[in-house]
Structure formats: C-alpha cells, structure tokens
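Q: Here it is, the structure, as structure tokens.
The values are calculated or read from the model by the stated rules, or taken from the named source; none is laboratory data. Keep in mind it's a predicted model, so treat the numbers as computed, not measured. Backbone-built Cβ (ideal geometry, glycine too); neighbour counts: all protein chains shown.
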Amino acid sequence: MSGAILEVSDLKKHFPIHGGFFGGTTAHVYAVDGVSFSIAKGETLSLVGESGCGKSTVGKAILRLFDITAGQVVLDGTRIDTMTASTLRPIRRRIQVVFQDPFSSLNPRMRVRDILAEPIRNFGMAKNRADLEERVALLMDKVRLPRDAVNRWPHEFSGGQRQRICIARALAAEPDIIICDEAVSALDVSVKAQIVNLLQDLQKELGLAMLFISHDLAIVEHMTHRVAVMYLGKIVEVATKRDLFSAPKHPYTEALLSAVPVPMPGAQRERIILKGDVPSPINPPQGCRFHTRCPYAFDRCRKDEPALRQTEAGHWSACHLHDRPDAENPLAGAKGADLIAAH
Amino acid sequence: MPEPLLVVENLQTHFRTPDGVNRAVDGISFHVDAGETIAVVGESGCGKSVTAMSMLRLIPEPPGKIAGSIRFQGRDLLTMTDREMRAIRGNDISMIFQEPMTSLNPVLNVGRQIGETLRLHQGLSARDAEAKAVEMLTLVGIPAPGRRVREYPHQLSGGMRQRVMIAIALACNPKLLIADEPTTALDVTIQAQILDLMRDLKHRVGAAIVLITHDLGVVAEVAERVIVMYAGKKVEEAPVGQLFRNPRHPYTQGLLGSVPKLGSSLTGTETRLAEIPGLVPSLKSKIPGCVFASRCTYATDLCRKVAPALEEKAPHHVAACHYAIREAVAA
C-alpha cells in the first residue's frame, strides 16, 4: 500500500517471566503474538479488544517504549524498530501519544507552558523565544483552552482539560500519527464527548493519522475509519467500520458487539453471552485462541490455528468457519444490525 | 396503598472540609418498591455513590453528616442504633461495590466470606455456612463451586470476583440490593455475563435493586425507573422508556446526546456528539438558582436566580426545570 504512513508486520512482543531459584526465565507472556496492519495518511485505525488482549502493547511497541521480540515497524517507508536510539530520536517527533490517565501523564511540577514547550525545544522546532511562545499559544487555541492558562499548573485543571493539554503536547511536535491509548476512557460522559469531537476536528484540520486504542466499541464506531479486533495477542478481524459493524465475520467480534449495552430500553437484539474468561496469555490455548469460548467451535479449531485472510474485499478474518459453505457458516450474511439493535 | 420498601426523603449528606462544607447530596427524595429495579445515573461527583453509602450509613460521621429520613419497611434507618443498623446491613439491605478486588478480604477464602454473613445473621454453623456458600456460588454461575469455595480472591478473575460479591450480597436473601457501579471495572463480555446474571437472579430472588451507574447503556438494559442526579440533586425521574424517548431536563438531554450509539454507521446517524459545555460546579458554595444553569444552553435569568422545583411533567415523570414543560427536542 503506497499511502501507508505506518506499517506493522508480524509484530511480536513476549515478556519474560523470571522465577525459580536462579531467577531465570521460566515462561513468557505472549502479549502480542504476530500482529500486522497498516495505517494510511489521515486515516484512523482502531484497535479494540478486552483488557489483556495486547492492544496497548502494540501501541507501546510502535512508540518503541521497549524493544520488540520480532517483526517490523515501518514509518513512512523507513524501518524504525531496529534503529539505534540516537537515529530514532529525531523520528520520534513524527509519532506522538496520548495516554489514558491525564492525571499521571502530566508532570505536576511543570507549568502548562513548559509542558508544551518541551517537545518544541527538544526537536528544535522554534526559531527563537517569540516563536516558541507563539507556537505554545497556537496549541492552546487548537485544543480550545484559554491562552492565559499556560501559566497554570496541571493540578489546577479538570480531567477533561488535562486531556486537552496532553493532546496539545502531542500536537506540539507536529506528528504524522498520533496513538491514542484509551485516551477518552477515563473521562466522564459529557467531557468524553468534548474530547472525541476535538480529536475528530483536529484530525480533519491537520490530516493526522491515528491509531485509536480502545475497548469502547460505540466510541470506536464514532471515531474510526477501520477497525482491527484483537484477542489474546492476535488480530482476529480487520475491516472498514461499516463492514465490521454490519457484518462481523469473526465469532469474537459478534459476541463483542452483542455484549455492549445500548442506550435503548427494550431493544430487541440477538444476544451472544460468552462463557468463561479470557485465557491467560502465558499459556494461550492451542489451535484457535478463541476456541475455549467460541459458541461455534468444532474439532479443527482445537488443532489448527486459523490464519487471518480476506473473506471479502478489505475484510479480513481469522476463522475456520469461512472454509465451510455459506449454509453451514453462522457468520455468513449481515447480522450486525440484529446484534446491536440498530434498526 | 402500602408504603414502598424504601422511602428516602430530603436526604442531605454534607462533608465538612477545611475549605467549606461539601454538599455532596443536597436534598434528594425517592422511593423504591419491592422487587423493583431503579437506576441512579450521573457523572462523577454528582453524589450518586454518596447517596448509596448514606442509605447503609456507611458514611463516616464526622466529617460526614446525614440528614433527612430513610425509611426502610417503615423504620427510619437514620435514627436506628448502630446495633440495629448492623442487623440490617448484609441481611435486609446489602451492597455490591465497584472494585471487587478491594472489597474482598484477600486473606480469607471465598467460602468464609460468603459464610460470614450467614453465620452472623442467620446463626448457621461453620459447616452449614460453607454448604450454603457452595450453593450460592452455584447460583451465581461459578464453575466447580466445591473447589472455588476454598480459594482466595487472588485466584479468581475479575468477573468471578464480582460473582462472589454478588453471592455474598444475596446470601441472606436481602429485600434490597444496592449495586454501586457493579460492572464498571469489567470487560464488555464479562459485563454482559454479570448483567445477565443480575437480571436472572432478580427473577429468582425477587430483591429490589438500586443500581448506581454512569453508563446509560447499562441503565437501558436493566432498570425500570431512572433517577438522574446532577450536583447533589435529583434533576429528573421517569420510567426508563420514557426517559430515553422523551427526556425533559436539559441535562438528561445533553447526557443522552453525548453518548455515541452503537450502530450509528448502519443507521446513518453519525452526527457530531452533543457537548455539554463547561464543568460540574463546585459543591462547596451554595448555588442560588438551578444547579445546571451555568452549563445549560437554555438558561435564562430566572434559572440563575430561582432554583426550579421538581414538577410532574408527565405521568410518573418529574423534572426540575423551569422550562421543561415544552416538548423535549429528541436527543
């Protein structure tokens, strides 16, 4: 894909678990185990899944907050996962991040001005002091905070306002792509709407690409162009928003959609309630990782691991059911609307 | 007409703080009928959890101060002695908290914790209590209950811990169950399991439920009647269908408009989310007019001066707004 700003291929991150008498490695957490996707310029790709599925690890691996176990991360044609720290440093400007908790991600001992000026200085983007001040002021305008608030400290702001500061800091470096790791999850409903709208406006205005990591499907549907669903370190389905929500092609996506409570009392919908919990990523199940909870699992699912493959144009799914004729495939057809009561 | 199971009248829970009195709950009245599920919704800091804690007198006094009356089966909980109150907690009224990890005792096995209420309130022996604990674990759908009953909270997943919390809460067949954000800490597929369990248990056990939540989706799925709180006050109350179809208070309208609806890409309703401008006001200074006036787009001088009373805008539908009489704009 030529327009891709970010390409991730077969990304793996295994965290060693130390234990035993000599403190050697006794096992691994297979947090991310072979994940590939690409994001085009100006596109939003959402990574959804439940806690522990590895979605945040993917974000951190792209940011190179740790070294990856295997795979490739390519930013705008340049491979960045193998770069040395010093060559990577100027490139870090192009990928910025907004984290979930705006309380712990701002330094309490720095004024807002210094928080926003730091990336501008670090990357030598300001010509002089006046230019720096001007840039900081423009950032405050962009995130709709009053310019005179730059002299205040983080604790003087509410959660929503702090998240605006975090967004402004990410924008300060003029990135190509922003990774939002549950960036609106900790916010109250009415504030969440403000930040969602702000992110959408900024994306349109600045043509940013975005990797939107979230567990909230309703917000994802509102924000995104494409969606990748993760389960236990793997992507199980990728599709455009409309395809995914109208005709999910993986049993896990189906269950996820039907599990979201919808604010419509008395809505008639098809319910799929999964049994049990997500298995441990230390010892993921053999075969398809979802087979322990899948309502449609059959023999082959317990043995062979299904590969992610295209079932329709632009719609990828990792499920053996797609080898069956449509009449025997419960995932054939478009039943998204029944699952989420969107009639 | 028999008196409802629980009648809360003019409940005020205030906290003394170094910089003034925090009016966390400021004059709330509502009732709960036997076997009914009501939801209390609102954003953080609106006083919904403090309302729940006040109902069981779990607010430390001082710095807290609870005033008003809470009549449960005709008796005022606020005038009871501590001993009488203890006989009610966990027995007639029980509670489920948000964070199952911090609300279970990490050094006692699950069976002991479920059995504790049974031994205290029903005088069961240790052996009978454990047998009943296994029964309760089966009821809440925990596989291999005979083994799990001896396990400790850290050996269970988040969803299972919440099931244990529910088992503890239901052990003595309470008449009223207060659930404070019971699914907020859980993943969606696990949340669906727990909501399903709560619905199912409600039919079997018949307890009334007061559900405290900020999630309007959860409200729509389980509640029959909804109370919307804002800045320590009840601003609207209505049967669930009516509230979602025809919200009367501008705050409720804003709240409903600010949640993206799943399926928006299918129904072609991908509109910009409604924002409620501004922030929740500080509860430390008394607000003269309507508590929502500072953020309300319809606010007039009247709103800023005179606090609106709760008025019946439609049958069983009350809202505290001077202007909510006109038909609501569909949210």
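Q: Can you name every residue in the stretch B:59-87 that is in contact (Cβ under 8 Å) with a residue 24 or more places away in the chain and within 30 Å of B:GLY123 (Cα to Cα)?
A: Within the stretch B:59-87, B:ILE59, B:ILE70, B:ARG71, B:PHE72, B:GLN73, B:GLY74, B:MET85, B:ALA87 meet the criteria.
Q: Restricting to the stretch B:199-216, give me the number of residues that are in a helix (DSSP H, G or I) and within 14 Å of the chain's Cα centre (by Cα).
A: Residues that pass the stated criteria total 1.
Q: A follow-up question, please. For the stretch A:37-68, give me the residue count where each residue is touching a Leu at 6+ places or on another chain (Cβ under 7 Å) and assigned to a strand (DSSP E or B).
A: Final tally of qualifying residues: 6.
Q: Any idea how many residues of the stretch A:174-218 are surrounded by fewer than 20 Cβ atoms within 10 Å (Cβ to Cβ) and assigned to a strand (DSSP E or B)?
A: Total meeting the criteria: 0.
Q: Does A:ILE91 count as under 18 Å from A:LEU208 (Cα atoms), without any contact (Cβ under 8 Å) to a residue 40 or more places away in the chain and outside any loop (DSSP other than H, G, I, E, B)?
A: Spelling it out, A:ILE91 is indeed under 18 Å from A:LEU208 (Cα atoms), without any contact (Cβ under 8 Å) to a residue 40 or more places away in the chain and outside any loop (DSSP other than H, G, I, E, B).
Q: Separate question: Residues that are over 25 Å from the mean Cα position of the chain (by Cα): find the helices (runs of 4 or more DSSP H) completely inside the stretch B:250-310 holding 2 or more of those.
A: Qualifying helices (runs of 4 or more DSSP H): B:264-267, B:301-305.
Q: Pull up the stretch B:89-131, narrow it to residues that are among the acidic types (Asp, Glu) and farther than 20 Å from B:MET198 by Cβ, then point me to the one that is nearest to the chain's Cα centre (by Cα).
A: Looking at residues that are among the acidic types (Asp, Glu) and farther than 20 Å from B:MET198 by Cβ, I get B:GLU116.
Q: Would you mind telling me which numbered condition in (1) closer than 30 Å to B:THR189 by Cβ; (2) surrounded by fewer than 18 Cβ atoms within 10 Å (Cβ to Cβ) A:VAL32 fails?
A: Tallying (1) closer than 30 Å to B:THR189 by Cβ; (2) surrounded by fewer than 18 Cβ atoms within 10 Å (Cβ to Cβ), A:VAL32 fails exactly one: (2).
Q: Then there is this: Residues being outside any loop (DSSP other than H, G, I, E, B) and closer than 15 Å to A:HIS215 by Cβ: count how many of those fall in the stretch A:245-264.
A: Counting residues in the stretch A:245-264 that are outside any loop (DSSP other than H, G, I, E, B) and closer than 15 Å to A:HIS215 by Cβ gives 6.
Q: Follow-up question, since we're still on this one. Please work out if A:LEU65 is at pLDDT 90 or above and within 17 Å of the chain's Cα centre (by Cα).
A: Criteria met by A:LEU65.
Q: Also: From the residues in the stretch B:228-249 that are of a type outside the set (Gly, Ala, Ser) and in a loop (DSSP other than H, G, I, E, B), which one is farthest from the other protein chains (Cβ to nearest Cβ)?
A: B:ARG248
Q: From the set of residues in the stretch B:132-189 that are touching a Ser or Thr at 6+ places or on another chain (Cβ under 8 Å) and of a type in the set (D, E, K, R), which is nearest to B:ILE93 (Cα to Cα)?
A: Residue satisfying both the conditions and the ranking: B:ASP180.
Q: A further question follows. Any residue in the stretch B:260-281 that's more than 7 Å from every other protein chain (Cβ to nearest Cβ): show its pairings with residues that are among the aromatic types (Phe, Trp, Tyr) at Cβ separation under 8 Å, as long as the two are six or more apart or on different chains.
A: Between residues of the stretch B:260-281 that are more than 7 Å from every other protein chain (Cβ to nearest Cβ) and residues that are among the aromatic types (Phe, Trp, Tyr), the close pairs are B:VAL280/B:TYR230.
Q: If you check A:ALA267 against the conditions, is it among the hydrophobic types (A, V, I, L, M, F, W, C), in a loop (DSSP other than H, G, I, E, B), surrounded by fewer than 23 Cβ atoms within 10 Å (Cβ to Cβ) and at the interface with chain B (Cβ under 10 Å from one of its Cβ atoms)?
A: Spelling it out, A:ALA267 is indeed among the hydrophobic types (A, V, I, L, M, F, W, C), in a loop (DSSP other than H, G, I, E, B), surrounded by fewer than 23 Cβ atoms within 10 Å (Cβ to Cβ) and at the interface with chain B (Cβ under 10 Å from one of its Cβ atoms).
Q: Just one of the numbered conditions (1) in contact with a strand residue (DSSP E or B) (Cβ under 9 Å, 6 or more places away or on another chain); (2) within 18 Å of B:LEU266 (Cα to Cα); (3) not hydrophobic (A, V, I, L, M, F, W, C) is not true of A:GLU254; which one?
A: (1)
Q: Going by the conditions given, is A:SER38 among the small types (Gly, Ala, Ser) and within 24 Å of A:CYS166 (Cβ to Cβ)?
A: No.
Q: Please verify whether A:ARG129 is of a type in the set (D, E, K, R) and touching a helix residue (DSSP H, G or I) at 6+ places or on another chain (Cβ under 8 Å), treating the condition exactly as stated.
A: For A:ARG129, the condition - of a type in the set (D, E, K, R) and touching a helix residue (DSSP H, G or I) at 6+ places or on another chain (Cβ under 8 Å) - is not met.
Q: For A:ARG93, which of the numbered conditions (1) surrounded by fewer than 17 Cβ atoms within 10 Å (Cβ to Cβ); (2) within 27 Å of the chain's Cα centre (by Cα) fails to hold?
A: Only one criterion is unmet by A:ARG93, namely (1).
Q: Related question: Within the stretch A:294-311, which residues are of a type outside the set (A, V, I, L, M), in contact (Cβ under 8 Å) with a residue 40 or more places away in the chain and surrounded by 14 or more Cβ atoms within 10 Å (Cβ to Cβ)?
A: A:CYS294, A:TYR296, A:THR311 - these are the residues of the stretch A:294-311 that are of a type outside the set (A, V, I, L, M), in contact (Cβ under 8 Å) with a residue 40 or more places away in the chain and surrounded by 14 or more Cβ atoms within 10 Å (Cβ to Cβ).
Q: Right, another one. Going through B:ALA299, B:ALA293 one at a time, which residue ends up being surrounded by 20 or more Cβ atoms within 10 Å (Cβ to Cβ) and over 15 Å from A:VAL189 (Cβ atoms)?
A: After applying the criteria, what remains is B:ALA293.
Q: I've got another one for you. I'm told B:LYS65 meets every condition in (1) farther than 30 Å from B:PRO281 by Cβ; (2) touching a His at 6+ places or on another chain (Cβ under 8 Å) except one. Can you identify the failing condition by its number?
A: Status for B:LYS65: all satisfied but (1).
Q: A follow-up question, please. When you scan the stretch A:316-340, how many residues do you find that are within 14 Å of chain B (Cβ to nearest Cβ) and crowded, with 22+ Cβ neighbours inside 10 Å?
A: Here the count works out to 3.
Q: If a residue must be at pLDDT 90 or above, among the acidic types (Asp, Glu) and within 20 Å of B:LEU186 (Cβ to Cβ), how many such residues does the stretch A:246-300 contain?
A: Residues in the stretch A:246-300 being at pLDDT 90 or above, among the acidic types (Asp, Glu) and within 20 Å of B:LEU186 (Cβ to Cβ): 1 in total.
Q: Among the residues of the stretch A:71-78, is any more than 21 Å from the chain's Cα centre (by Cα), of a type outside the set (Gly, Ala, Ser) and not in a loop (DSSP other than H, G, I, E, B)?
A: There is at least one residue in the stretch A:71-78 that is more than 21 Å from the chain's Cα centre (by Cα), of a type outside the set (Gly, Ala, Ser) and not in a loop (DSSP other than H, G, I, E, B).
Q: Being at negative phi and among the basic types (Lys, Arg), is that true of even one residue in the stretch B:50-65?
A: Checked against the condition, which is being at negative phi and among the basic types (Lys, Arg), the stretch B:50-65 yields at least one hit.
Q: Of the numbered conditions (1) more than 10 Å from chain A (Cβ to nearest Cβ); (2) free of Cβ contacts under 8 Å to residues at least 12 places away in the same chain; (3) of a type in the set (Val, Ile, Thr), B:THR252 fails exactly one; give the number of that condition.
A: It fails just one condition, (2).
Q: In the stretch A:302-318, how many are more than 22 Å from the chain's Cα centre (by Cα) and assigned to a loop (DSSP other than H, G, I, E, B)?
A: Residues in the stretch A:302-318 being more than 22 Å from the chain's Cα centre (by Cα) and assigned to a loop (DSSP other than H, G, I, E, B): 4 in total.
Q: I'd like the full set of residues that are buried (at least 23 other Cβ atoms within 10 Å of the Cβ) and either within 12 Å of chain B (Cβ to nearest Cβ) or not in a strand (DSSP E or B) (or both), limited to the stretch A:230-242.
A: Matches in the stretch A:230-242: A:TYR231, A:LEU232, A:GLY233, A:ALA239.
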